[in-house]
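Everything on this sheet refers to the single structure shown next.
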Amino acid sequence: MTNREPNPPTEANTPAATHLDQRLAAWTHMWALAASEVLAAMERPREDNVSFGHRDALTLALVDASHNVIRGAEKLLPNEHSLLQQFKTEHPELTRIRDRFEHFDEYVRGVGWRQDREGKLGLANDLTSAGLDFLSSSGGGPEGHVLEVEVFENEGGKLESRTYSVPTRTLTVAVRQLARSALDAAGLIDQKHLDHCEMCQNPGLI
């Protein structure tokens, strides 16, 4: 994975950042570190008979951490920031995936927000399998472990199958880069930080 140069200064990091901006950036940075640690655990060698189930489970935590990074970055970076725009282009469904994982108890039963909220439409009765389930998972490529999730969603009054993919390594690299940019926008990137933070030294390398 090629390391990308940090973006040049923007309107977001020209004025002095407030204390609250700095705390928000610090939290965003911590969530990116959490995503990095989850990926590291995911990619450690394990026994073949448990490896994919283990990685599937860790993907849930990775999605949550990644979603929190984008929340922080959107508050600290201008909308036109190139990394922010690139993230939205390459991972447009992250928020949807996170929402379905967060409300798994509703989506499995077919009464999630994008299914049949509280069963009022009667669509959940049409399900013959879980409304949210792991479809497949694979690994070994440059995108890292890829989990595919099937969700039945309301399309024109009928529950239709939709597949969401989570490329874990690609996603983690993207949020690491965003977090570094957010920290820079808050004026928190200096040599002392770089001497101690491997993620910010090389956000595009894992």
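The values are calculated or read from the model by the stated rules, or taken from the named source; none is laboratory data. On a predicted model such as this, the values are computed, not experimentally measured, just so you know. Positions of Cβ are backbone-derived with ideal geometry, glycine not excepted, and every protein chain shown enters the neighbour counts. What goes into the accessible areas is simple: the full protein's heavy atoms, side chains included, and nothing from ligands, DNA or RNA. Shrake-Rupley method; radii C 1.70, N 1.55, O 1.52, S 1.80 Å.
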Quick test of the membrane-span-like rule: which DSSP H helices of the chain reach at least 24 Å along their long axis (C-alpha atoms) with mean Kyte hydropathy at least -0.5? 19-42, 48-76, 168-185
Work out how much length THR163 to GLN191 would gain on full extension: take 0.36 nm times their residue separation and subtract the Cα-Cα distance, in nm to one decimal. 5.7 nm
Any idea how far apart THR18 and GLU93 come out in nm if each label point goes 7 Å out from Cα toward Cβ? 3.7
Amide H neighbours of ARG162 at under 5 Å, excluding residues fewer than 5 places away on the same chain, with H built from the backbone geometry, are VAL151, PHE152, GLU153
Quick one: if you take sqrt(5λ) for each eigenvalue of the C-alpha gyration tensor of region 58-128, what semi-axes come out, biggest first, whole angstrom? 31, 13, 10
Which lysines, if any, have their Cα less than 28 Å from the Cα of LYS75, not counting same-chain residues under 8 positions apart? LYS88, LYS192
Using the Kirkwood formula on alpha carbons, the hydrodynamic radius of region 77-185 in angstrom works out to 15.5
Given a cut-off of 31 Å, what percent of all Cα-Cα pairs of the chain lie beyond it? 28
Nearest 20 debye, what's the magnitude of the dipole of the chain about its Cα centre given +1 on Lys and Arg Cβ and -1 on Asp and Glu Cβ? 260
Which sequence of PHE52, PHE87 reflects their accessible areas, 1.4 Å probe, from the largest down? PHE52, PHE87
Grab the Cα-Cα distance for ASP105 and ARG71, subtract it from 0.36 nm times how many residues apart they are, and report the gain in nm with one decimal. 9.9 nm
Sticking with the crude label model, points 7 Å out along Cα→Cβ, report the distance from GLU143 to GLN86 in nm, one decimal please. 1.8
Counting alpha carbon pairs within less than 8 Å and at least 6 residues apart, what relative contact order, in whole percent, applies to the chain? 29
Between ALA26 and SER136, what is the spin-label point distance in nm, taking each point 7 Å from the Cα along the Cα→C-beta axis? 4.6
